[in-house]
Amino acid sequence: MKRNRQKPDAYLPWVANIIDRVQESPTVFTWRLQFADADIHRRYRFKPGQFNMVYLFGVGEIPISIASDPADEGLYDHTIQVVGRITRAMSRLEPGDQVGIRGPFGQGWPMTQAKGQAVLVITGGLGCAPVTSVINYVLQRRKQFGQLTILQGVKRASDMVYSDRYTAWAEAPNTQVLLAADQGGPQWPWYTGTVVDLLKQVDIDPLRTLVMACGPERMLHAAMHHLIELGLPANRLFLSMERNMQCAVGHCGHCQLGGRFVCQDGPVFEYPRVQDLMAITGY
């Protein structure tokens, strides 16, 4: 099985400064980071869809998708949801504090293949960070891509993050944004239902559209099945998978998915590579 060649220091975290912090929701925040070492700052490069291992000194380490655009001059964003001990401790950090970074790791989105194509972004729940880099990448290079359609679904209206960004994205040229909540409530201004339902409101050219999606696997499986029924070839569907990634270098085995490791062979997969595994409940 082919593996990426790792840097000699792939196990060692580099120190990064928190430059800015945005509270996206009561349980979600975004850091803007910059490496403390000027040489690392100059050399660091990533592709949309890759992730870093973010280390809080004395507490622990977790994998977090890079949400910003690669052209942001060495400043890059991590959007983090508070779900446990490590993220709770991270939520208390402020600009001026420091964290450790290992990365970038994994396979990114097929942005070269997407040039000249329509891009359909589908995301569910709070897992929108892996595709945020796609959206930023397309909007920064708008003339290189066709129609950009962004579908975001959440369980409850209060789960919606990035509300201001969705409004700004909807105003960009040749861009459509559709939002849905399973439980909308009286003040919810968008669609009440699932993100899969939103696909019925989108005009799709099956042979000129690439799909990039992330979120709960049940939603992803349903969305991919619907898109294939609409005539999209399975090799035009790409998913960002989530697993318990602890080492990021393919050694610990915690993120194994069949015969693959999400940290190295993913997290972005062409749908046919994981289609059969996604049909197995609890795998």
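Residue-wise test of (1) of a type in the set (Gly, Ala, Ser); (2) modelled with pLDDT of 95 or more; (3) surrounded by fewer than 22 Cβ atoms within 10 Å (Cβ to Cβ); (4) touching a His at 6+ places or on another chain (Cβ under 9 Å).
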| site | (1), (2), (3), (4) |
| --- | --- |
| Gly58 | yes, no, yes, no |
| Gly74 | yes, no, yes, yes |
| Gln81 | no, no, yes, no |
| Ile86 | no, yes, yes, no |
| Ala89 | yes, yes, yes, no |
| Gly96 | yes, yes, yes, no |
| Gly103 | yes, no, yes, no |
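Go through (1) outside any helix (DSSP H, G or I); (2) touching a residue at least 60 places away in the same chain (Cβ under 8 Å); (3) under 27 Å from Tyr166 (Cα atoms) for Leu207 and report which single condition fails.
Answer for Leu207: the failing condition is (2).
Do we have Ile280 as farther than 17 Å from Ser65 by Cα, modelled with pLDDT under 90 and hydrophobic (A, V, I, L, M, F, W, C) here?
Considered against the rule, which asks whether it is farther than 17 Å from Ser65 by Cα, modelled with pLDDT under 90 and hydrophobic (A, V, I, L, M, F, W, C), Ile280 comes out as yes.
Working carefully through the options Arg243, Arg260, find the one that is touching a Phe, Trp or Tyr at 6+ places or on another chain (Cβ under 9 Å), in the same structural domain as Val154 (by TED's automatic domain parsing) and over 22 Å from Ala129 (Cα atoms).
Arg260
Which pairs do you get when a residue that is closer than 12 Å to Leu139 by Cα, found in the range 149-175, comes within reach of a residue that is in a loop (DSSP other than H, G, I, E, B), reach meaning Cβ atoms under 6 angstrom, with the pair 6+ apart or on two chains?
Every condition considered, the pairs that remain are Thr149/Val202; Asn174/Gln147.
Taking the range 39-54 as the region of interest, how many residues are buried (at least 20 other Cβ atoms within 10 Å of the Cβ) and either of a type in the set (S, T, N, Q) or over 26 Å from Ile135 (Cβ atoms) (or both)?
Residues that pass the stated criteria total 2.
Hey, can you tell me all the residues within the range 87-136 that are within 17 Å of the chain's Cα centre (by Cα) and in a strand (DSSP E or B)?
Gly103, Pro104, Phe105, Gln107, Val119, Leu120, Val121, Ile122, Thr123, Gly124
Would you be able to say whether some residue in the range 150-159 is closer than 20 Å to Asp69 by Cβ and either in contact with an Asp or Glu (Cβ under 6 Å, 6 or more places away or on another chain) or outside the structural domain of Val28 (by TED's automatic domain parsing) (or both)?
Here is the first cut: in the range 150-159, the residues closer than 20 Å to Asp69 by Cβ are 150, 152.
Adding the requirement that they be either in contact with an Asp or Glu (Cβ under 6 Å, 6 or more places away or on another chain) or outside the structural domain of Val28 (by TED's automatic domain parsing) (or both) leaves 150, 152.
Within the range 150-159, one or more residues are closer than 20 Å to Asp69 by Cβ and either in contact with an Asp or Glu (Cβ under 6 Å, 6 or more places away or on another chain) or outside the structural domain of Val28 (by TED's automatic domain parsing) (or both).
Hey, any hits in the range 176-190 for a residue that's part of a helix (DSSP H, G or I) and not small (Gly, Ala, Ser)?
To start, the set of residues in the range 176-190 that are part of a helix (DSSP H, G or I) comprises none.
Checked the range 176-190: no residue is part of a helix (DSSP H, G or I) and not small (Gly, Ala, Ser).
Kindly list, by first and then second residue, each pair from a residue in the range 93-112 that is farther than 24 Å from Cys247 by Cα to a residue that is part of a loop (DSSP other than H, G, I, E, B), limited to pairs with Cβ atoms under 8 Å and residues at least 6 apart or on different chains.
Met111/Lys47; Met111/Pro48
Kindly provide the set of residues from the range 228-283 that are surrounded by 15 or more Cβ atoms within 10 Å (Cβ to Cβ) and among the acidic types (Asp, Glu), ordered by number.
Within the range 228-283, Glu242, Asp265, Glu270 qualify.
Does any residue in the range 32-54 that is touching a residue at least 24 places away in the same chain (Cβ under 8 Å) and within 14 Å of Leu12 (Cβ to Cβ) come within less than 6 Å, Cβ to Cβ, of a residue that is crowded, with 19+ Cβ neighbours inside 10 Å and small (Gly, Ala, Ser) six or more places away or on a different chain, and which pairs are these?
Phe35/Ala16; Asn52/Gly103; Met53/Gly103; Met53/Ala248
The values are calculated or read from the model by the stated rules, or taken from the named source; none is laboratory data. A quick note: this is a predicted structure, and the numbers were derived from the prediction, not measured. For neighbour counting, all protein chains shown are included, and Cβ atoms are generated from backbone atoms with ideal geometry for every residue, glycine included.
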